[in-house]
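First the structure, in the form of structure tokens, and then the observations on it.
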Amino acid sequence: MGTSLRRHEKIILLLAGIGLISLATYSCQKTPPPNTSNANITASASPAPAQPLPPWPSGFPQAMPSPVVSGNIPRQVVISGNPATPQDARPFFDNFSWESFIALNWPASNSRGVPNDPNNPNVFFNSPNGAPVVWGTYKDSFDLFGQQDKRPSPWDSPTSPLSPCPGAPTNQKTLIFTTKGDTPLMQTKQAFSFPLVDQHSNFVYYDIRYDEAQYNFIRGQDADQSTWLYLLKNLMPKENQQFGVQMPMTTTSTLGSIMVKAAWRISSSSDDTKRYYAITAQIYDAQKQACSPATVLLVGLHIGHKVDPFTEWVWSTFEQVDNVPPDPDASPKPTPPPGGYSFNNGTGNPPTPNGFNYKPPLTAPGTPTPTPSPVQVTRVNPIPNTPQGQSTRDVNTYYQGALKGTVWQYYQLVVTQWPANPGIGQGKPFTLMNNGGVYPQNAGAAFPANGAVNTTMETYFQTQNDAAGAGGNSCMSCHYRAGQSDFSWGLNRRAH
């Protein structure tokens, strides 16, 4: 009991310290510092003045940072007012998640990973559906780990030596994953799990991308082959160090490592595409070993950001609002979507005791797959409704209203997870699981410790019992098992 209290007090002091640092950094400015690494920004001609966002509703902490719509990825979780507990700090982290979501989905310029006119909100509000967004221009997992004996191309290169869809337009997304785990070019299951099938009997596809800092770190320096971490022979010695691989971390002056994982479903004639971010993508067919174009709809988005001082990363996960029925205690109750739910038939049948009714069977690459039955999905872990009046649900309501008129009003933050007691190094709490570390205390005291999952990406891991083999039912509990690879399962499992 005494040990538990002392740990809790330590977390409170840490949050207070972070808050004081954040308050000092931002006391003379209303918005985060500009992303000065985006030097080649394409300017728009004579933008009309943008309307400022409304203030936070009453009930939110008075110290909440002023909300912004900006293409500059936030480089700091702005915490002030000395929140007493991690739960009290939640609105600050949820605001960081939404600011990140907006910046990553900002219209992209002609340079990879660079937003178009990031300080002009009109660029965001007036962007047509399907326009390329910043994270969509990041390098794909296949660019790093699918190149066999070829050297991955430089960050700015428009192509890679090997492509699963030769001859396809270079500006079209290629979807080869029906999972966010396993090896490139034929995944037939989710993260260490099974595929997901929507209500139209189509598989869900997954997209895994890395920003410039993370991509270049894994690709390594041309002149030093020992830094080429996509090769297992170079990665393993780094993983075997006391604290494992350590990727670049975002500071107020430099953008560090960001990894983005997206879930897409194929559009149907009954879909209202105005409610989804919709694009044309090349879909890889393992049986035909060929690609064909299809309109796909964004239904889930994970964001992992290693931002100072959160050495164990900040994890934000979003979903499209029509994925599954709302939480039972949601008030007011949303109207059912016009085209139906993506992963639920709108009834209680079939039942979903653990958030799903069945797991589609696995097939070997190249084996004909019968038309699968839809997976009935429900959310087991409610979107947080605490602290009262300033919960994740309340932050969602605010930003959905602020983004009205864009497709992004139809997305919601499911949860933000972060290390409440971060720190890697001598005398710090982080300890690799391989060295006897125990979750959550040696993983930065993850908050919330459990129940941080996305129904499109961890469909079958929504309960702790179902997720036991994957380390737990949260981003951090799962990725802690890849702590030696700096919480990156992509690097851990796909280096070759």
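The values are calculated or read from the model by the stated rules, or taken from the named source; none is laboratory data. Quantities reported herein were computed from a predicted structural model and do not represent experimental measurements. Cβ coordinates were reconstructed from backbone atoms using ideal geometry, including for glycine residues, and neighbour counts include every protein chain displayed. These area figures cover heavy atoms from the full protein model, side chains too; ligands, DNA and RNA do not enter into them. Shrake-Rupley method; radii C 1.70, N 1.55, O 1.52, S 1.80 Å.
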What's the total number of residues in region 241-268 that are open to solvent by 60 Å² or more (accessible area, probe 1.4 Å) and either touching a Leu at 6+ places or on another chain (Cβ under 9 Å) or within 20 Å of residue 128 (Cα to Cα) (or both)? 1
Restricting attention to region 384-435, the residues that are small (Gly, Ala, Ser) and closer than 22 Å to residue 451 by Cβ number exactly 3
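For region 411-425, check the following and say yes or no: at least one residue is more than 17 Å from residue 302 (Cβ to Cβ) and among the β-branched types (Val, Ile, Thr).
Of the residues in region 411-425, the ones more than 17 Å from residue 302 (Cβ to Cβ) are 420-425.
Right, trim to among the β-branched types (Val, Ile, Thr) and you get 424.
Taking every residue of region 411-425 in turn, at least one turns out to be more than 17 Å from residue 302 (Cβ to Cβ) and among the β-branched types (Val, Ile, Thr).
Condition check ((1) free of Cβ contacts under 8 Å to residues at least 40 places away in the same chain; (2) under 26 Å from residue 216 (Cα atoms); (3) open to solvent by less than 20 Å² (accessible area, probe 1.4 Å); (4) not small (Gly, Ala, Ser)) across all residues:
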{"site": "79", "(1), (2), (3), (4)": "no, no, yes, yes"}
{"site": "82", "(1), (2), (3), (4)": "no, no, no, yes"}
{"site": "91", "(1), (2), (3), (4)": "no, no, yes, yes"}
{"site": "109", "(1), (2), (3), (4)": "no, yes, yes, no"}
{"site": "118", "(1), (2), (3), (4)": "no, yes, yes, yes"}
{"site": "130", "(1), (2), (3), (4)": "no, no, no, no"}
Residues to consider are 442, 454; find the one that is part of a loop (DSSP other than H, G, I, E, B), surrounded by 17 or more Cβ atoms within 10 Å (Cβ to Cβ), at pLDDT 95 or above and in contact with a helix residue (DSSP H, G or I) (Cβ under 9 Å, 6 or more places away or on another chain). 454
Hey, any hits in region 73-92 for a residue that's basic (Lys, Arg) and over 16 Å from residue 314 (Cα atoms)? no
Got a number for residues in region 285-327 being outside any loop (DSSP other than H, G, I, E, B), open to solvent by 40 Å² or more (accessible area, probe 1.4 Å) and among the charged types (D, E, K, R)? 1
So, of the residues in region 352-370 that are in contact with a Ser or Thr (Cβ under 7 Å, 6 or more places away or on another chain) and open to solvent by less than 70 Å² (accessible area, probe 1.4 Å), which turns out to be modelled with the lowest pLDDT? 369
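Conditions tested, residue by residue: (1) of a type in the set (Lys, Arg); (2) within 30 Å of residue 285 (Cβ to Cβ); (3) in a helix (DSSP H, G or I).
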{"site": "361", "(1), (2), (3)": "no, yes, no"}
{"site": "384", "(1), (2), (3)": "no, no, no"}
{"site": "393", "(1), (2), (3)": "yes, no, yes"}
{"site": "399", "(1), (2), (3)": "no, no, yes"}
{"site": "422", "(1), (2), (3)": "no, no, no"}
{"site": "428", "(1), (2), (3)": "yes, no, no"}
{"site": "450", "(1), (2), (3)": "no, no, no"}
Look at residue 417 and say whether it is open to solvent by less than 40 Å² (accessible area, probe 1.4 Å) and touching a Pro at 6+ places or on another chain (Cβ under 7 Å). yes
Residues being over 28 Å from residue 148 (Cβ atoms), of a type outside the set (Gly, Ala, Ser) and outside any helix (DSSP H, G or I): count how many of those fall in region 463-496. 5
Can you confirm whether residue 418 is touching a residue at least 40 places away in the same chain (Cβ under 8 Å), assigned to a helix (DSSP H, G or I) and under 27 Å from residue 105 (Cβ atoms)? no
Within region 328-351, track down each residue that is open to solvent by 30 Å² or more (accessible area, probe 1.4 Å) and either polar (S, T, N, Q) or in contact with a His (Cβ under 6 Å, 6 or more places away or on another chain) (or both). 331, 335, 345, 347, 349
Is it the case, given these coordinates, that residue 385 is under 26 Å from the mean Cα position of the chain (by Cα) and surrounded by 16 or more Cβ atoms within 10 Å (Cβ to Cβ)? no
Which of the numbered conditions does residue 345 fail, given that it passes all the others? Conditions: (1) part of a loop (DSSP other than H, G, I, E, B); (2) within 19 Å of residue 413 (Cα to Cα). (2)
Which residues, taken from region 245-265, are of a type outside the set (S, T, N, Q) and part of a strand (DSSP E or B)? 258, 259, 260, 261, 262, 263, 264, 265
Pair list, Cβ < 9 Å and 6+ apart or interchain, from region 309-323 residues that are on the phi > 0 side of the Ramachandran plot and at pLDDT 95 or above to residues that are assigned to a loop (DSSP other than H, G, I, E, B) and open to solvent by less than 10 Å² (accessible area, probe 1.4 Å): 313/257; 313/444; 313/486; 313/487
